[in-house]
Amino acid sequence: MEARLDLDGNPIRPITICMIGAGGFIGSHLCEKLMTETPHTVLAVDVYNDKIKHLMEHPAGGQPHPWVGRIQFYRLNIKNDSRLEGLIKMSDLTINLAAICTPADYNTRPLDTIYSNFIDALPVVRYCSENDKRLIHFSTCEVYGKTIGSFLPKDHPLRKEPEFYVLKEDASPCIFGSIEKQRWSYACAKQLTERLIYAEGAENGLEFTIVRPFNWIGPRMDFIPGVDGPSEGVPRVLACFSNNLLRREPLKLVDGGQSLRTFVYIKDAIEAVLLMIENPDRASGHIFNVGNPNNEVTVKQLAEIMTEVYSKVSGEPALEVPTIDVSSEEFYGEGYDDSDRRIPDMTIINRQLGWNPKTSLHDLLDSTLTYQRKTYAEAIKKMMAKPTATS
């Protein structure tokens with residue numbers, strides 16, 4: 001492998017990374033990137049490894065992977081496993097991806113949400129600080145809460161001004177709903193963890209980077225209930241819509257699908273994370289928005305585009321009634337609330353790391369829906385092949 005250089009022209013030395021949550025959507029793509037394009041070693045920590053098994057198993061009838069030995073899986077739960085500190089001590093960098101990050105859970109499982117996103121993160125932050133280890137912590141764009149513009153009348157001209165809706169890491173306020181709106185349990189827990197990490201940096205010299213993802217999309221995201229995940233539960237919007245399309249069901253638009261969101265392709269986003277890993281002098285001490293402001297649509301528009309793309313991918317005609325409206329209370333339960341719009345400001349990540357997303361919304365949906373359809377078909381085939389009990 002040729003010598004690789006950082007953004008300032010310095011050779012990149014191989015490091016050992018403790019990746020907590022390596023078996024999830026983001027973790028699996030990051031592990032792939034690190035194995036195929038870098039010399040780094042990954043200590044992959046998670047309770048499941050289904051999405052990274054292919055990186056550790058010997059290819060059938062072929063040569064071992066060129067990265068054999070550079071990824072090691074540790075099955076542990078960070079809530080109660082004493083091995084965690086040892087793994088962090090063995091590493092140069094810890095990446096914390098562990099979280100409950102499914103909107104339906106924020107309402108129905110607020111205690112689990114708060115514990116997972118704040119309490120369970122405390123030892124990770126402490127071990128990194130006490131052992132002088134660098135930390136990249138994954139937060140969320142939800143820490144911004146509602147935009148300033150959302151409090152203005154709908155026809156107010158200032159709602160169209162960027163300073164009233166574009167979200168800046170170092171300037172935008174974090175505005176949440178009332179305590180009764182338990183939907184904000186996730187955002188509050190994530191924000192408090194950010195504040196803890198920032199304080200550890202200021203008082204104890206913790207070397208940190210905080211990542212705020214804006215709807216990262218791609219293969220292996222979330223789950224299709226009853227197919228590649230639990231039968232119960234409601235995944236995030238794109239996985240919900242994928243599930244409806246695969247099952248030939250109308251897509252459910254919560255409160256008419258008027259909320260605006262941006263979406264970024266997972267492979268573009270992973271490029272940004274790799275730049276953070278390999279350019280610590282440029283990334284440390286910073287919070288980074290990682291999203292694609294060019295891919296903004298309403299949830300209703302997303303449903304329409306996904307229906308169109310899926311028809312192209314599958315060759316199946318769209319349903320006569322492709323969408324139905326449901327209330328947020330019916331879909332998520334009492335106490336749900338939402339943010340109106342999330343547009344990431346890209347100034348800091350562009351200045352520090354020179355990163356910009358590349359993939360259009362249509363292209364990322366094409367890739368994702370193709371993968372989801374293949375996964376669904378394979379799962380149905382396996383279920384059909386299972387022997388049935390005979391009397």
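Numerical summary
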item	result
Among 270, 95, 119: highest mean-square fluctuation, GNM of the chain, C-alpha pairs under 10 Å	119
Residue-by-residue Karplus 3J(HN,Hα) for the stretch 348-362, coefficients 6.51, -1.76, 1.60, Hz, glycine and proline x	5, 5, 5, 5, 7, 10, x, 9, 9, x, 10, 8, 6, 4, 4
Of all accessible heavy-atom area on the stretch 1-102, the percent that carbon and sulfur account for (1.4 Å)	52
Debye equation applied to the C-alpha atoms of the stretch 175-316, log10 I(q)/I(0) at 0.12, 0.14 Å⁻¹	-0.67, -0.87
Rounded percent of accessible protein surface that carbon and sulfur make up, the stretch 247-339, 1.4 Å probe	45
Per residue convex hull volume, Cα atoms of the stretch 1-95, in Å³	103
Where the chain is the region considered: accessible area per residue in Å², 1.4 Å probe	48
Per residue, the convex hull volume that the Cα atoms of the chain enclose (Å³)	177
Rounded, prolate or oblate (a/c below 1.5 giving rounded, otherwise prolate when a/b exceeds b/c) for the stretch 118-254 by Cα gyration tensor	oblate
Estimated Rh, the stretch 74-142: Kirkwood, alpha-carbon pairs, angstrom	12.9
Charge dipole (the chain, unit charges on Cβ, about Cα centre) - positive-most of 82, 204, 62	62
All Cα pairs of the stretch 294-391, percent lying beyond 21 Å	61
The stretch 241-308: Cα Rg divided by the 2.2 N^0.38 Å rule of thumb	1.51
Spread of Cα-to-Cα distances over 5 Å intervals beginning at zero, given as percent, for the stretch 45-90	4, 19, 24, 18, 17, 10, 5, 3
Span per principal axis, largest first, for the Cα atoms of the stretch 41-162 (Å)	64, 39, 30
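The values are calculated or read from the model by the stated rules, or taken from the named source; none is laboratory data. The structure presented is a predicted model; accordingly, all values stated were derived computationally and were not measured. Don't worry about glycine lacking a Cβ; one is built from the backbone with ideal geometry, like all the others, and counts go over all protein chains shown. The accessibility values were calculated without ligands, DNA or RNA, using every heavy atom of the protein model including side chains. Shrake-Rupley method; radii C 1.70, N 1.55, O 1.52, S 1.80 Å.
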